[in-house]
Amino acid sequence: MNTSMSNAHMGAASNEDRTKLNSLERTLLLLPLAGGAVFGLLPFLLGSALGKLSGFPGNDALIYRLAGAATFGYAVALFLGLRQGDWAPMRSVVIAVLTFNLASIFAAVMEFISGDKNIIVYVVLGASIAFVAISLWLLNRHAGEGPSQPDVSPWFIRFIILGTVLSAAFGVLPLLIPVLGARLLGFHGTDVYLIRLSGAASLGYAVTGALGIRLGAWRERTLGMIMALIFNGFSFVACVIALFSGEPILITLVIAVASLFVTIVGTIAYQRKGQL
């Protein structure tokens, strides 16, 4: 009897441990956190100057800052998730990291096909491969811990659908038609690799949003919401800077309005725990 009770206790403890991030997982997740911070803040703060310093044309400062805003959202979510230490809310972030870096690998391959040999492409490719491996390992380790049923309001789900559609549009188009898409919106479209990376970052938000439309209680959505708030809040600031810097006006205003709307509504939703 004592043996059976001991086994049951050990099984319960083991199951409880799987809901938490262990020390190895925390250490590995520091890598994409650092990547998100560096590749997020530098483009956002330096704009097109970063491109020129890195050997790219360095046009379209707004695209650089939007790419930085999207990437920095990952870093903030990972930081908060590591502080909390729970797997459930980190699941959506890890899926976003996986999507972002798979798309980044595609962007690097396309650069190699076009003949670009910039060292930055190799650096980002190496980091992306490492982050994909980390994400897959984490998702496989916690494979039996799927999301729960949603406990949020229908209006919040509609808000998620809107955000998912916008993220998908700004993810897929820059990845597949970077030059044409940029020029149609009034940009130069010369920094092709950066345009594709901005699409890769946005695609991560779209995939996690799509997965969260039907599944996931509020507790499992908190970090994803913080990611979106950081992305859109910083995007609005980037648009304000662009409006005073001679960037294309129409698309800048559209992005500014959309990002401000998502930031305001998302903040309300976060404060009300998904009950819009």
* Using a/c under 1.5 as the rounded threshold, could you call region 159-276 rounded, prolate or oblate? The axes a ≥ b ≥ c are square roots of the C-alpha gyration tensor eigenvalues, and prolate needs a/b larger than b/c, oblate otherwise. => oblate
* For residue 276 and residue 112 in the same chain, what is the full-extension length gain: residue separation times 0.36 nm, less their Cα-Cα distance, in nm? -> 54.4 nm
* Asked: In terms of Cα to Cα distance under 21 Å, which lysines are near enough to residue 117, apart from those fewer than 8 places away along the same chain?
  -> 52
* Structure fact -> Plugging the Cβ-Cβ distance of residue 245 and residue 162 into 1/(1 + (r/R0)^6) at R0 = 30 Å yields, to the nearest 0.05, a FRET efficiency of 0.60
* Asked: Exactly which trypsin sites (Lys or Arg not before Pro) in region 62-170 are in a DSSP loop and have at most 12 other Cβ atoms within 10 Å?
  -> 117
* **Gain in span if fully extended, residue 172 to residue 155, counting 0.36 nm per residue against the direct Cα distance** => 3.6 nm
* Structure fact -> Using alpha carbon centers only, region 197-276 is separated from region 90-131 by a whole-angstrom value of 22
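I need the semi-axes of the equivalent ellipsoid of the chain: take the C-alpha gyration tensor, multiply each eigenvalue by 5, square-root it, list largest first in whole angstrom.
35, 22, 14
If I stretch the segment between residue 188 and residue 253 completely, what's the gain in nm (0.36 nm per residue apart, minus their alpha carbon distance), one decimal?
Working: separation 65, 0.36 × 65 = 23.40 nm, distance 1.75 nm.
So the chain would gain 21.7 nm between residue 188 and residue 253.
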* **Computed label-point distance, nm, for sites residue 129 and residue 179 using a 7 Å Cα→Cβ extension** => 2.8
* **From phi via Karplus (6.51, -1.76, 1.60), per-residue ³J(HN,Hα) for region 41-56 in Hz, x at Gly/Pro** => 6, 4, x, 5, 7, 9, x, 5, 4, 5, x, 5, 5, 9, x, 9
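Bear in mind that the values in this text are calculations on the coordinates, not laboratory data. Bear in mind that the values here come from a model prediction, so they are computed numbers and not experimental data. Ideal geometry is used to build each Cβ from the backbone, glycine not excepted, and the neighbour counts take in all protein chains shown.
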